[in-house]
Structure formats: structure tokens, C-alpha cells
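Beneath this line is the structure, given in C-alpha cells, with notes to follow.
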Amino acid sequence: MSAWLVSLEGTEAGHQLALILALTAALLHAIFGALQKGRHDPWLSRGAIDFSYGLIAAPFALFVVPWPEPHMWLIFAIAFVIHSIYKLLQAFTYSRGAYTVVYPVVRGTGPLFAVIAAYFFFGETFNLVQWFGVATLLAGIYGLAVYNLRTITVNRDTLVSALWLAVATGMFVALYTTYDAYGIRATADPFTFLAWFFFIDGLFFIPPIAAHRWWRMVDRPTLGPLMQRGVLGAFVAFFSFGAIMMATRLDNVGEAAVLRETSTVFAALIGWLVLGEKVGPRRLTLMALIALGAVIVEAGG
């Protein structure tokens, strides 16, 4: 499969597959965010998910995929630092704001910086139509932020800080998207990058923090349901992150990053149908505007 995927790089078939992978990642990432934000403390949910996917990835990294080339160890180390900061920011964001409020800002801020970073890292450029799509997406994002500032009553005392944290998290989304695209292109076998990334990223940061937090809780959640969510989240993470990373190897990083942000529409539906959060027609319209911007970027390319 690795050889087949590599053979599609730079081809029309590769472009079409990258489109499908980016849209798949959008849906799965919205589900992943809901799993972290759902019934459990976001730190515990993320810890269970990371521990699960690190444990599942370990045998594949150690015994199945080709061993990483020597230059990959520095790439993995830097990726680990970037993702660790991102996950800290994400957990703080979800702890302080409603899912349908902060998620669109997190996921929507990322593409602008990803497009800029892709220019410097990979020499990718956008045409006027695509920049109009980015502008449309940003109008939806910041329109949503203004609307939330005016209307949301839940967690009102922490909303402003939650939105700032969401913007910072979005910047790290752009950073890890761009850097990981560099990392997956730096190794001969893309599955080597994915297996070792999940192994290192999963076991060595958030799980110890989550375990300490769980131990200090007075009313600790039972581990069974928490770990069930962790295992489910692990498989969602494998396919979500794997899909977007493959898309960035097969096609332009900026386009894949922007197209993934159609996840905001899926997030709105999940927040409304599953988490019981009120969305309303105006906020749904603004979220649809974000998705429309992503579609314009893809069509313009």
C-alpha cells in the first residue's frame, strides 16, 4: 500500500484521493473533538485517548513498519513538542468554553496560518479565487466569535479567555499541520511516520498528567467508561490524523488544511444532536459560511 500511495503523489488520482481523505478527516476530527469535550473532564478524555492510541501503535512501530531513518528522530522530537503544546492549549480551551463556541474558532483559525506556512515551507501559492475562499472562511469564523460574545450565556465569565485560547490553539493546528506534512514527506514510507508519531505522541505526555488529575479528584469517574471512550477516540484519531497527513503528502498542504475545516459543520451537528448544546440558525449560517470558504478554496484550485 505504501508504494501505491507514493506512486500517486502529484497525479490527478492523488489529488482526488487527497480530497476524499481531507473530507474524511473533517468528519472524524469533529467526532474526535466531541469525544474529548463530552461527558468526562477534557484532560481525562484526552489522556485516555492518547494512552490508547499510543499502546495500539507500539507494536506496529516496533515490529511492523520500516524503522525510521536517522534524520527522523529530530523530526519526531520537534513534532512531539509542537503537539504537546497544542494539546495543552486545546484542553484549556475546551475546559473554558462550550464546544460549539470554541471548536469553530480552533479549526477555522488554523487554515490561514497553514496557507502562509505552506508558502514558506513548500512554495505553495493561492490564486485570487482561493484567497476569496479563505476570506469567506475567516468572515464566518470571526462573525461567529462576535456573535458568541454577544449572545452566549453559558460559561460567560470564561468566554473571552476561551476564545483567545481557541485562536492560539488554531495557530498550533497550523503549525503541526505544516510541520507534520514536512515530516511525512521526509521518510520513504509514510506509515513509518504515522506509527512512530502515534507511539511517541500517545504515551509520553498527556497520560501521566491525566492520571495525576484523576488520582487527585474527590469524585473520580470510573475507569471502564473512560477507557472505552479512549479506545474509540484512538481509532478515530488514527483515521482522522492519518487521512489528513496522507492528503498533505499526496497534494497541496494549504488546500488540504482548508478543506478539513468543513469539520465545523459536522461539529455543529454533533454539538446540537449529541451534546445537547443550542446552536440556532444564525450560528449554523456562520458555520456554513466557514465551510463555504473551504469549498471555494478547493474549487478555485
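Restricting to region 37-60, and then to whatever is over 17 Å from the mean Cα position of the chain (by Cα), in a helix (DSSP H, G or I) and more than 11 Å from residue 231 (Cα to Cα), can you tell me which residue is modelled with the lowest pLDDT?
Only one residue fits best here, namely 44.
Listed here are the residues, each with its yes/no results for (1) of a type in the set (A, V, I, L, M, F, W, C); (2) at pLDDT below 85; (3) more than 12 Å from the chain's Cα centre (by Cα).
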| residue | (1), (2), (3) |
| --- | --- |
| 81 | yes, no, yes |
| 84 | no, no, yes |
| 89 | yes, no, yes |
| 95 | no, yes, yes |
| 100 | no, yes, yes |
| 104 | no, yes, no |
| 111 | no, yes, no |
| 117 | yes, yes, yes |
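Out of region 53-72, which residues are open to solvent by 10 Å² or more (accessible area, probe 1.4 Å) and over 17 Å from residue 190 (Cβ atoms)?
Of everything in region 53-72, those that are open to solvent by 10 Å² or more (accessible area, probe 1.4 Å) and over 17 Å from residue 190 (Cβ atoms) turn out to be 55, 56, 58, 59, 62, 63, 70.
Given the options 81, 106, name the one that is in a helix (DSSP H, G or I) and surrounded by 24 or more Cβ atoms within 10 Å (Cβ to Cβ).
Being in a helix (DSSP H, G or I) and surrounded by 24 or more Cβ atoms within 10 Å (Cβ to Cβ) holds for just one of 81, 106, which is 106.
Show me the helices (runs of 4 or more DSSP H) found entirely inside region 222-301 where at least 3 residues are open to solvent by 20 Å² or more (accessible area, probe 1.4 Å) and under 22 Å from residue 126 (Cβ atoms).
Working: elements: 223-250, 253-259, 263-273, 281-300.
So the answer is 281-300.
Within region 74-92, which residues are hydroxyl-bearing (Ser, Thr, Tyr) and closer than 22 Å to residue 291 by Cα?
none
The values are calculated or read from the model by the stated rules, or taken from the named source; none is laboratory data. This one's a predicted model, so the numbers in the text were calculated from it and none came from an experiment. For neighbour counting, all protein chains shown are included, and Cβ atoms are generated from backbone atoms with ideal geometry for every residue, glycine included. Surface areas here come from the heavy atoms of the whole protein model, side chains and all, with no ligands, DNA or RNA. Shrake-Rupley method; radii C 1.70, N 1.55, O 1.52, S 1.80 Å.
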